[in-house]
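*Asks:* There's a structure below that I have some questions on.
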Amino acid sequence: MNRSVVPFGKPRGERADAVRNRERLLETAREMIAEHGVEKLTMDGLAERAGLGKGTVFRRFGTRAGIFRALLEDDERRFQERVMSGPPPLGPGADPKDRLIAYGRARIPFLLHHHAIARAAMERGGPAPESGVNLTRLHIRMLLGRTSGDMPELDSLTLQLAAALEGPLLLYLSADAPTAPPDPDTARHLVNSWQALIGCVTGRHRASPTPDEPDAVSEP
């Protein structure tokens with residue numbers, strides 16, 4: 001998934017039955033993960049639960065890790081739709097500083113929610129998946145450029161902010177052995193840190209979230 005933007009919609013040229021099979025397999029995979037966890041999901045089990053042949057699963061995903069890459073791509077596409085055409089402040093129409101903060105408030109819980117799937121998407125000996133990393137850099141750069149016409153070192157600053165946002169998950173994925181899932185406080189601390197960081201970078205410090213304002217956007 002080393003791409004700047006995951007294409008919207010369904011892949012061109014797919015037959016209707018192939019599209020239906022893919023959607024059925026992804027929906028079934030999500031159900032199995034919710035019930036039994038990532039570790040219990042197998043290609044044989046997915047085929048049986050979905051009522052499809054094992055050959056269909058192999059043709060669609062190639063390997064077990066391919067199932068999780070497809071799940072990440074599908075969820076990443078939905079996230080991008082929220083960023084590009086959803087309601088503000090995450091979507092268009094809000095002040096760029098508010099959109100920067102909102103992006104982190106949505107992106108951090110998204111990454112933490114997908115940490116186990118992202119690890120399972122890694123092929124043995126292969127690199128960590130880069131779902132949305134390039135999108136994050138492009139989005140941050142665009143919004144930073146709109147906050148000030150003379151933002152210094154825009155490219156370097158963009159790279160550092162993207163690393164601050166995506167870095168915790170990449171550090172988790174680079175570990176030799178799985179670590180414990182992030183605890184519920186992790187998202188709150190990271191979101192508050194992101195908000196403080198953007199306040200410093202843009203010269204605007206915002207108050208901490210009020211009791212009526214959640215510290216992090218929960219994954220739907």
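*Asks:* Out of curiosity, is ILE117 among the β-branched types (Val, Ile, Thr) and modelled with pLDDT of 95 or more?
*Replies:* Judged against the criteria, ILE117 is not a match.
*Asks:* Continuing with the same structure: Residues of segment 76-104 being under 28 Å from SER148 (Cβ atoms), of a type in the set (Lys, Arg) and either under 12 Å from the mean Cα position of the chain (by Cα) or surrounded by fewer than 18 Cβ atoms within 10 Å (Cβ to Cβ) (or both), which ones?
*Replies:* Of everything in segment 76-104, just one residue is under 28 Å from SER148 (Cβ atoms), of a type in the set (Lys, Arg) and either under 12 Å from the mean Cα position of the chain (by Cα) or surrounded by fewer than 18 Cβ atoms within 10 Å (Cβ to Cβ) (or both), namely ARG82.
*Asks:* Inside segment 18-32, can you point out the residues that are over 14 Å from ARG69 (Cα atoms) and not acidic (Asp, Glu)?
*Replies:* ALA18, VAL19, ARG20, ASN21, ARG24, THR28, MET32
*Asks:* Only one residue in ARG146, ARG124 is part of a helix (DSSP H, G or I), at pLDDT below 95, surrounded by fewer than 21 Cβ atoms within 10 Å (Cβ to Cβ) and not hydroxyl-bearing (Ser, Thr, Tyr). Which one?
*Replies:* On inspection, the qualifying residue turns out to be ARG146.
*Asks:* Restricting to segment 37-56, name every residue that is under 25 Å from the mean Cα position of the chain (by Cα) and either among the hydrophobic types (A, V, I, L, M, F, W, C) or at pLDDT below 95 (or both).
*Replies:* If the condition is that a residue be under 25 Å from the mean Cα position of the chain (by Cα) and either among the hydrophobic types (A, V, I, L, M, F, W, C) or at pLDDT below 95 (or both), then GLY37, VAL38, GLU39, LYS40, LEU41, MET43, LEU46 are the ones that fit.
*Asks:* Of everything in segment 76-116, what is assigned to a helix (DSSP H, G or I), under 30 Å from ASP17 (Cα atoms) and either of a type in the set (Ser, Thr, Tyr) or free of Cβ contacts under 8 Å to residues at least 40 places away in the same chain (or both)? Give them in sequence order.
*Replies:* If the condition is that a residue be assigned to a helix (DSSP H, G or I), under 30 Å from ASP17 (Cα atoms) and either of a type in the set (Ser, Thr, Tyr) or free of Cβ contacts under 8 Å to residues at least 40 places away in the same chain (or both), then ARG78, ARG82, MET84, SER85 are the ones that fit.
*Asks:* Just for segment 136-163: of the residues that are out of contact with any Lys or Arg (no Cβ under 8 Å at 6 or more places or on another chain) and of a type in the set (Gly, Ala, Ser), which one is nearest to SER85 (Cα to Cα)?
*Replies:* Among them, the one singled out is GLY145.
The values are calculated or read from the model by the stated rules, or taken from the named source; none is laboratory data. What you see is a predicted model, and the numbers here were worked out from it, not measured in a lab. Neighbour counts are summed over all protein chains in view; Cβ atoms, including those assigned to glycine, are modelled from backbone coordinates with ideal geometry.
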